[in-house]
Amino acid sequence: MNEIIYKKIAQDLFYVEYEDFDFDTSVQVTNEKYRPRGPLCSGIRKGGFAGRNFDGYSDLKTVLVMRISNKCARFSSLSVTTSYLDPSLPEIAERQEKDEAYFVIPQLAVDGVNEKGLSVMSFMVQNCEASEDRANWGEREWGKSAAFTNRTAAKTYNTMSLVRFVLDNAADIDEAVELIRSVNWFDPDRFTSSGHAASLKWLLSDPEKSAVVECIDNEMKILVSANTCQPSPCTLTANFSLYLFQKGIIQNRASGYERYDQMADQYGREETSTEGVKHILGSVVMSEKYQREITDKHFFATDYLWDESPSGRHFTSEELYSGNAKKDPDFLKTIELSKSRYFGQAIRPQNHRDIITIYTSVYNLEEKSVQILLQEGTADNEWHPFKLHKSN
């Protein structure tokens, strides 16, 4: 195999440049072998800056920054993936070879920015209806669920490929939306292990607009706004459907409503800059402190407050999120009951895997650059910069 050099930037952080990546060839492997994993966490757009936290298991923390040359795509780009998506990533970097895994890794990008200043970041949305409509997919037997079906499209892609597809081919949000609608998208096995249907969603940013793209019941739901400096479903996101949220629908078992509120509260108090976005994302990083401190306003209602209350009542998600239940003494007792059960070390299995924010990325759309922070609170707290137009 031809040798390739993965540059080690820091512990668990690598960088690689691609000059010979082929999307169409690698998508075949991605379609058959890879599936998304949640929760993927929180994202924000503020002026000329965009960023996200990526949450995952603490033992899958290798991060890879990739520079894709315009020799192998319409547009060059910087993008990021982690061993949370492919646990063999550390071994791939160690082998230093252009094997099949090397050529598939770019398909697993979860966020990035291209030379036109178009940024794409992927998240999770739970409780989507798992449509099985594959009527015009050429009778392929993937055993997977349709996320979006375009009956005139000849090509079908795993939703994990969307970030790469858009970064490689779209100059702005308008082009991105047109491209996304031009193909079929599927979710491998509707990927949540709990049995609740789930899909990916995306926050897109270009110099002029922001957009959120979701797949709900085999339909593409797209929100676009030119107001990029105000908190809205087009500038803030977490792991729930913003399309349904706008309609007043709170999803059972979805998560992130409290993080959305917290980011919205801070949005106007922080400056429109890289540092401002860092501060907002830092306030909702998945750390031990954040997991264990549940305030009156921000609590994980849809994550685990499903215990029966001492009087035998069950609270609906609408009650939990609207705040009506907070006035009920029975509800406060239920919170304490749930907290003790959820956080009680005695009930956790020995192989319990801690969820952390594996990395935070903040993009400067004008500079086409990204800064990466690994495991805030547990690593060296150093931000590592990468620029698209300068070799790192």
Can you list the HN-Hα couplings for region 102-107, worked out from phi with the Karplus curve (6.51, -1.76, 1.60; θ = phi - 60°), rounded to whole Hz and with x for Gly and Pro?
-> 4, 7, 8, 3, x, 5
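Output the peptides 70-76, 103-109 sorted from most to least packed, where packing is the average of other Cβ atoms within 10 Å over each peptide's residues.
103-109, 70-76
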Give the accessible area for SER83 in Å² (nearest 10); use a 1.4 Å probe, count only protein heavy atoms, and leave out ligands, DNA and RNA.
-> 0 Å²
Extension length gain for ARG181 and ASP99 (0.36 nm per residue less Cα distance), in nm, is 26.4 nm
Restricting region 2-100 to GluC sites (Glu not before Pro) in coil, as DSSP defines it, with at most 15 other Cβ within 10 Å | GLU19
Convert each backbone phi in region 243-250 into a coupling constant with the Karplus relation 6.51 cos²θ - 1.76 cosθ + 1.60 (shift: θ = phi - 60°), then list the ³J(HN,Hα) values in order as whole Hz, x for Gly and Pro.
-> 4, 6, 4, 5, 8, x, 9, 9
Region 194-237: GluC sites (Glu not before Pro) in DSSP loop, at most 12 other beta carbons within 10 Å = GLU208
Mean separation of Cα pairs under 8 Å and 6+ residues apart, divided by the residue count of region 158-282: what relative contact order is that in percent?
-> 14 percent
So how do 273-284, 5-16 stack up, highest first, on mean other-Cβ count within 10 Å?
-> 273-284, 5-16
Cut-off 19 Å, label 7 Å out along Cα→Cβ of ASP174, residues of region 223-260 by amide N = 223-228
For region 265-274, Karplus-derived ³J(HN,Hα) couplings (6.51, -1.76, 1.60; θ = phi - 60°; whole Hz; x for glycine and proline) come out as 5, 7, 3, x, 8, 9, 6, 7, 6, 4
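The values are calculated or read from the model by the stated rules, or taken from the named source; none is laboratory data. Keep in mind it's a predicted model, so treat the numbers as computed, not measured. Note: ideal-geometry Cβ built from the backbone for every residue, glycine included; neighbour counts use all protein chains shown. These accessible areas exclude ligands, DNA and RNA; they are computed on the full protein's heavy atoms, side chains included. Shrake-Rupley method; radii C 1.70, N 1.55, O 1.52, S 1.80 Å.
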